[in-house]
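All of the numbers you see were taken from the coordinates with simple rules; none came from a lab. Remember, predicted model here, so these are calculated numbers, not experimental data. Every residue, glycine as well, gets a Cβ built from its backbone with ideal geometry; the counts of neighbours run over all protein chains shown.
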Amino acid sequence: MDPIVLEYMREVLKTAQEMSRKGLVVGSSGNCSARVQDTGMVVITPTSIEYELMLFEDMCIVNMDGEQLEGRYAPSIEINMHLQVYRGRPDVGGIVHTHQTMATAVGVTGEGIPPILEEQVFSIFGGVELAKYALPGTKELAENAVQALANRNACLLAHHGVLAVGPKLRDALLNAEIVERAAAVYIFSREIGEPRIVPFMESGSEAGSS
Ligand SMILES: [Zn+2]
């Protein structure tokens, strides 16, 4: 196999295990992927394998139509969500889908996270919108997520978790962590007062939103 593809496979495995170590996922939940530059291929984690047991050779390779090219297990059931994002966002090279607790807690209230932190606005490009609920692995969830994501770098999935993207997979993981911090700050600040949005976002138009 092309050594560049092998490098992407290593990166996807490393990021998946990092998601688990950082407590952003539980068991085999969540998934991550990377677009292999200029090849039309995507490397994605397999479905239903616990992160500690996941091996390099378990990584799945699919094309942009979702057809599996490599891998002994089926790709993550959220493969369509990943492919839909890659199709609509040429700037995205990596995607993580997590079940992180604080952000999920905000999502179950039926709202997103307003643009309250500088780092959030600089990295996510604004507030973190909430995608409408749909069952995991469905086309509907993929569509709702793409809509909530728009041209920002993260969105919440109702009653489920977070989708975070970036130019590279490591940026996507960092963005998921920034969402978790923003969610925690949002929850804590609501305990003691009324959270305010970042002053330069107050003019009405969110940075990066269309
Ligand atoms: Zn999930």
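Odds and ends about this structure:
- Take the Cβ atoms of VAL108 and TYR73, set R0 to 45 Å, and the FRET efficiency comes out at 0.90.
- Here the dipole of the chain is about 140 debye; that uses its Cα centre as origin and unit charges on the Cβ of Lys and Arg (positive) and Asp and Glu (negative).
- Kirkwood Rh, Cα atoms: Rg over Rh of segment 114-154: 1.07
- Net length available on complete extension from SER48 to ASP65 is 4.0 nm, with 0.36 nm assigned per residue and the Cα-Cα distance removed.
- Column: log10 I(q)/I(0), Debye, Cα scatterers of the chain, q = 0.07, 0.11, 0.12 Å⁻¹: -0.19, -0.47, -0.56
- Peptides 176-184, 46-54, 15-23 ordered by average Cβ neighbours within 10 Å, highest first: 176-184, 15-23, 46-54
- Taking every alpha-carbon pair under 8 Å whose residues sit at least 6 apart, the chain reaches a relative contact order of 20 percent.
- Spin-label proximity, THR39 to segment 9-23 - amide N less than 20 Å from point 7 Å beyond Cα toward beta carbon: 9-17
- Spin-label pair THR101-ARG190: with each label point 7 Å from Cα along the Cα-Cβ axis, the two points sit 1.7 nm from one another.
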